[in-house]
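This report concerns only the one structure given below.
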Amino acid sequence: MTGMDSTLNRRITSIYINEFEALRNALSGLAEASNADQVIAALHKLKPGMVIFEHEGLLPGFEKLIERKQNNELTTNSDNALTELQTTAESIISQLKSYLKTLV
């Protein structure tokens with residue numbers, strides 16, 4: 001990350017956690033939403049952090065989900081791709097919170 005500056009690492013990690021939680025919250029209402037604007041905005045804010053924390057491999061999955069919503073192909077919250085991304089987001093948030101606790 002940023003080297004040995006634990007204060008900066010804590011701040012960056014805390015911001016990233018908050019942005020990932022915002023994305024997770026936007027995902028939870030995506031199927032019922034009239035459009036994907038909330039998820040698009042949350043993902044846009046999260047992208048730089050995804051590079052820092054090496055989660056950019058998740059971007060295609062999120063982008064595919066947004067595309068499906070825009071094409072009216074995502075109609076239920078029990079959609080497998082949506083559920084998988086929500087589970088992944090929960091896991092990452094949990095891992096980040098654990099990492100945050102290790103920073104002194």
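The values are calculated or read from the model by the stated rules, or taken from the named source; none is laboratory data. Small disclaimer: the values here were computed from a predicted structure and weren't measured. Don't worry about glycine lacking a Cβ; one is built from the backbone with ideal geometry, like all the others, and counts go over all protein chains shown.
Quick one: which residue in 36, 89, 41 is surrounded by fewer than 17 Cβ atoms within 10 Å (Cβ to Cβ) and modelled with pLDDT of 90 or more?
From the options 36, 89, 41, the qualifying one is 41.
Among all residue pairs at least 6 apart or on different chains, which show Cβ distances below 7 Å where the first residue, located in segment 26-40, is closer than 12 Å to residue 65 by Cβ and touching a residue at least 40 places away in the same chain (Cβ under 8 Å) and the second is part of a loop (DSSP other than H, G, I, E, B) and not hydrophobic (A, V, I, L, M, F, W, C)?
31/75; 31/76; 31/77; 31/79
Is there any pair linking a residue in segment 80-104 that is touching a residue at least 24 places away in the same chain (Cβ under 8 Å) to one that is part of a helix (DSSP H, G or I) and among the small types (Gly, Ala, Ser), with Cβ under 8 Å and at least six apart or on different chains, and which?
85/61; 86/28; 88/61; 100/14; 103/6; 104/6
If I ask for residues that are crowded, with 18+ Cβ neighbours inside 10 Å and touching a helix residue (DSSP H, G or I) at 6+ places or on another chain (Cβ under 7 Å), which ones from segment 67-85 would you list?
Matches in segment 67-85: 74, 82, 85.
For segment 1-18, give me the residue count where each residue is of a type in the set (Val, Ile, Thr) and over 14 Å from the mean Cα position of the chain (by Cα).
Within segment 1-18, residues that are of a type in the set (Val, Ile, Thr) and over 14 Å from the mean Cα position of the chain (by Cα) number 3.
Please work out which residue is surrounded by the fewest Cβ atoms within 10 Å (Cβ to Cβ), limiting yourself to segment 44-57 and to residues that are of a type outside the set (A, V, I, L, M, F, W, C) and in contact with a helix residue (DSSP H, G or I) (Cβ under 6 Å, 6 or more places away or on another chain).
Among those residues, the one meeting the criterion is 56.
If you take the residues of segment 48-87 that are small (Gly, Ala, Ser) and in a helix (DSSP H, G or I), which of them is nearest to residue 16 (Cα to Cα)?
Among residues in segment 48-87 that are small (Gly, Ala, Ser) and in a helix (DSSP H, G or I), the one nearest to residue 16 (Cα to Cα) is 49.
How about segment 19-37: which of its residues are more than 12 Å from the chain's Cα centre (by Cα) and part of a helix (DSSP H, G or I)?
Answer for segment 19-37, where residues must be more than 12 Å from the chain's Cα centre (by Cα) and part of a helix (DSSP H, G or I): just 37.
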